[in-house]
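A quick write-up on the structure given underneath.
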Amino acid sequence: MSNRKIQMPREVYIDPGIIKDTGEICKSLHLDKKILIVTGQHTYDVGAKPVIESLEKDNIEYDVIKVSNASAESISEVEELITPDTTVIGVGGGRVIDVAKLSSFNRGVYFVSMPTTASHDGIVSPMASIKNPNTSISVTAHSPIAVIADSEVLAQSPFRLLAAGCADLIANFTAIKDWELAHRLKNESFSESAAALSIMSAHLITDNIANIKPNLEPSARIVMKSLFSGGMAISIAGSSRPASGSEHLFSHALDKILDKPALHGEQCGLGTIMMMYLHGGDWKAIRDALKAVQAPTTAKEIGIADEDIIEALMMAHEIRPERYTILGDNGISKEAAYELAYKTEVI
């Protein structure tokens, strides 16, 4: 472990209007031979268009590809357009950035992360979540060479996405408790610095809740900075441990069960309430923090049936059996799952 490298972005920009300087930033990093913009149907206008204008102003060659999901097929389509001189810029939400991240990693070229929403910590981390027919899997890729986060663009995205990003960060509280537990009971390697940075990222949200409001650029900047530091904790740890514990296993279980899952951060938020209860922590403080940022705290709020919550709780420990959490090796019974969801008012 002592010789493992820690990979982090070389430059990070979190500013209003910074998207207009994309060409200039690419030139300063010597990434201006050829750009491949990976974007989505909904993020093309708000994100890719101003990027294109900036690249054209600086006479930088570019191609554009739109992807609809983070699948192996999408990654292959993007890889076909990558040459050794290409720099990939992911302009969009989590799915777009995951595709840009993994395709650039597979082809051995640089990747720039340009989020249009602040909905989860994958924006900066070296981990990517890829869908397969049954569920999503986390794979290790690489960190972006640069992060260009325009806080004005982020503020214009639906507030539900920003609230989901806050919920994903609040989940760090139980993720660290699970990691500490695995360290004590299974002798799993543990990084004090990564854990401290992860908790600090969560506190950046809970300590600034009064300042996180819809359509405000400073609010988007707070959340984006928190997501950035959370992503750095993952880079330091070399795994998603600092930001992903039993609450994420619960969310991944819901992804398997539901035809149309809710937002990742929303599901993790519900999981965090329940897992903090299992840890004997202040689950009501978690619930109140989620409410304050307008993130859901009940299954009903995001249209998930009670029985699906119970099933997800019972199967969560099977999602990543190598990742020890408060759910243990054998999970929890149906009766215990019901009692947990009922007592925390998730159902």
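The values are calculated or read from the model by the stated rules, or taken from the named source; none is laboratory data. Since the model is a prediction, treat every value here as computed from it, not as a measurement. Counting neighbours? That spans all protein chains shown, and the Cβs are built from the backbone with ideal geometry, glycine included.
One table, with the values for the structure above:
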item: Selected residue (only one of L270, L254 is in contact with a Phe, Trp or Tyr (Cβ under 8 Å, 6 or more places away or on another chain) and part of a helix (DSSP H, G or I)); result: L270
item: Qualifying residue in the stretch 46-57 (condition: under 28 Å from S226 (Cα atoms), assigned to a loop (DSSP other than H, G, I, E, B) and either within 18 Å of the chain's Cα centre (by Cα) or at pLDDT below 95 (or both)); result: no
item: Which listed residue is in the same structural domain as R107 (by TED's automatic domain parsing), crowded, with 18+ Cβ neighbours inside 10 Å and in contact (Cβ under 8 Å) with a residue 12 or more places away in the chain, from T83, T43; result: T43
item: Qualifying residue in the stretch 187-203 (condition: in a helix (DSSP H, G or I), in contact (Cβ under 8 Å) with a residue 40 or more places away in the chain and charged (D, E, K, R)); result: no
item: Residue ID - nearest to the chain's Cα centre (by Cα), chosen from residues in the stretch 78-97 that are at pLDDT below 95 and over 20 Å from C26 (Cα atoms); result: G94
item: Failed item in (1) free of Cβ contacts under 8 Å to residues at least 40 places away in the same chain; (2) among the polar types (S, T, N, Q); (3) assigned to a helix (DSSP H, G or I), with S68 passing the rest; result: (3)
item: Some residue of the stretch 234-245 being assigned to a helix (DSSP H, G or I) and free of Cβ contacts under 8 Å to residues at least 60 places away in the same chain; result: yes
item: Number of positions in the stretch 30-63 that are over 17 Å from E77 (Cα atoms) and of a type in the set (S, T, Y); result: 3
item: All positions within the stretch 293-321 that are modelled with pLDDT under 95 and of a type in the set (D, E, K, R); result: R320
item: Selected residue (only one of D288, D282, D306 is over 30 Å from L216 (Cβ atoms), free of Cβ contacts under 8 Å to residues at least 60 places away in the same chain and acidic (D, E)); result: D306
item: Residues located in the stretch 17-34, provided they are assigned to a loop (DSSP other than H, G, I, E, B) and surrounded by fewer than 17 Cβ atoms within 10 Å (Cβ to Cβ); result: G17, L29, H30, K33
item: Residue that is surrounded by the most Cβ atoms within 10 Å (Cβ to Cβ), among those in the stretch 286-314 that are in a helix (DSSP H, G or I) and over 22 Å from the mean Cα position of the chain (by Cα); result: I310
item: V153 being in a helix (DSSP H, G or I), at pLDDT below 95, hydrophobic (A, V, I, L, M, F, W, C) and crowded, with 23+ Cβ neighbours inside 10 Å; result: no
item: Any pair with Cβ under 7 angstrom, 6 or more apart, that starts in the stretch 164-180 at a residue that is farther than 18 Å from S191 by Cα and ends at one that is among the hydroxyl-bearing types (S, T, Y) and surrounded by fewer than 24 Cβ atoms within 10 Å (Cβ to Cβ); result: I170/T206
item: Subset of the stretch 177-227 [among the aromatic types (F, W, Y) and buried (at least 22 other Cβ atoms within 10 Å of the Cβ)]; result: W179
item: Leading residue by the ranking (farthest from G238 (Cα to Cα)) among those in the stretch 149-196 that are among the aliphatic types (A, V, I, L, M) and touching a Phe, Trp or Tyr at 6+ places or on another chain (Cβ under 8 Å); result: A149
